[in-house]
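Novice: Next up is a structure, given as structure tokens.
The values are calculated or read from the model by the stated rules, or taken from the named source; none is laboratory data. As the structure is a computational prediction, the values presented were derived from the model and not from experiment. Backbone-built Cβ (ideal geometry, glycine too); neighbour counts: all protein chains shown.
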Amino acid sequence: MSNNNRNFGAGPGKIPDEVLKEAQLEFLSYQNIGFSVTELSHRSEAYAKINQEAQDDLRELLNVPSNYKILFLHGGGQGLFSAVAMNLIGENGTANYAVAGIWSKIAANEAKKYGRIDLVFPEPDSGTIPAINDWTINPKASYLYYCDNETIQGIEFPFVPDSKEVPLVADMSSNLLTRKFDVSKFGVIIAAVQKNLGTAGLGIVIIKDTLLDKALNICPSILNFKLINEYESILNTPPIFSIYMFGKVLKWIKNQGGLDKMEQLSIQKSQLLYNTLKQSNGFYHNNIPEQNRSRINVPFRINKGDVDMENKFLKEAEERKLFQLKGHKLVGGIRVSMNNAVTCEDVQVLVEFMKEFQQENQ
Ligand code: PMP
């Protein structure tokens, strides 16, 4: 994406222009080795360096403690849903899930294939995350799982759940590296990269080393955390291009000023958009309670869910080169995703369009 084209897709989402250009420049001959990175052997020294640097940069950006391992897996987000269950549930045969939206629900349903799953609170239908004191956590559960940012409904946890002695597992597919947090509060963090961190194909696992060796026998080798760790994430051919792009995005984040900067920008961008919704007197409407609203994914309806009006909005937005604004098919409407690569200027241009559209159509 370049020039005046602006991409607000949830995922695959916008990748920084600088990263795309750099990848383009070296696509035919990676660092002048004479062939493309997509043709590079995963057993080569050049790939070992790509693999190691991506790990090191992620460790540095997130301040990952030395007793945590970083793993690269195939299978994207949903592959990781299965991997989490198969690697961890064996401890006690049962796990707790905090289902606050669609992605955590899908994860819980997947996990049911491998053990007993109990929800820690009844599924909320209003986007309200219950206070931690109202959660029923089984102290014997093998782990407690939640999704830190529900990409479809635009719900983000404003707190890290206190799971006491139970290992905490978080899906951060759509908000990893958009804010600082303390990795040591978690047992496992999972993320697919195509939302905010690169190109589809790669799943990341950050795992406390004491949790590595608990997989069920049925767990496939390519999802087995202990094995992947032993092979330094090169058990079989990894998604090389995806890891290469991920590495470039990490360096871009470092050059921009790291997580402090990403967090500050995400607050600024989301405030601009939420203020526009608020000032629209209900023309644009997001129904998530303020304290649980996502900084990254902002779904809204127009004119109380007027589908014709929403289609008109999408068409006119595209004419202005504002792309990928269609809401997820399960909830409809519009969704603005403000991944790290989306600039304040992108959001400014969008809200100006929204104001004009409202004036002309209400
Ligand atoms: N978790 C979250 C929070 C997501 O947003 C998504 C992707 N939409 C997934 C998991 C699933 O990712 P994938 O499509 O790579 O399986």
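Novice: I'd like to know if the range 215-229 contains one or more residues that are within 16 Å of the ligand (Cβ to nearest atom), among the aromatic types (Phe, Trp, Tyr) and over 30 Å from Pro16 (Cα atoms).
Specialist: no
Novice: Can you name the number of the only condition in (1) within 16 Å of the ligand (Cβ to nearest atom); (2) surrounded by 15 or more Cβ atoms within 10 Å (Cβ to Cβ) that Asn109 fails?
Specialist: Checking Asn109 against (1) within 16 Å of the ligand (Cβ to nearest atom); (2) surrounded by 15 or more Cβ atoms within 10 Å (Cβ to Cβ), the one that fails is (2).
Novice: Right, here's the next one. List the number of the failed condition for Val188; all other conditions in (1) of a type outside the set (Phe, Trp, Tyr); (2) touching a Ser or Thr at 6+ places or on another chain (Cβ under 7 Å); (3) within 16 Å of the ligand (Cβ to nearest atom); (4) closer than 22 Å to Asn229 by Cα hold.
Specialist: So the condition that Val188 fails would be (2).
Novice: Right, another one. Name the single residue, out of those in the range 148-171 being touching a helix residue (DSSP H, G or I) at 6+ places or on another chain (Cβ under 7 Å) and of a type in the set (Asp, Glu), that is farthest from Asn286 (Cα to Cα).
Specialist: Going through the qualifying residues, I end up with Asp162.
Novice: Follow-up question, since we're still on this one. Restricting attention to the range 313-345, report how many residues are in contact with a Phe, Trp or Tyr (Cβ under 8 Å, 6 or more places away or on another chain), part of a helix (DSSP H, G or I) and surrounded by fewer than 20 Cβ atoms within 10 Å (Cβ to Cβ).
Specialist: 1
Novice: Here is a follow-up. Taking Asp162 and the conditions (1) within 16 Å of the ligand (Cβ to nearest atom); (2) over 22 Å from Lys329 (Cβ atoms); (3) of a type in the set (D, E, K, R), which numbered condition does it fall short on, given that it satisfies the others?
Specialist: (1)
Novice: Within the bounds of the range 166-181, is there any residue that is in contact with an Asp or Glu (Cβ under 7 Å, 6 or more places away or on another chain), within 16 Å of the ligand (Cβ to nearest atom), at negative phi and among the hydroxyl-bearing types (Ser, Thr, Tyr)?
Specialist: yes
Novice: When only residues in the range 33-75 that are under 15 Å from Pro220 (Cα atoms) and out of contact with any Pro (no Cβ under 7 Å at 6 or more places or on another chain) count, which is modelled with the lowest pLDDT?
Specialist: Gly75
Novice: So, one more: In the range 162-186, what count of residues is obtained for those that are among the charged types (D, E, K, R), in contact (Cβ under 8 Å) with a residue 60 or more places away in the chain and not in a loop (DSSP other than H, G, I, E, B)?
Specialist: 1
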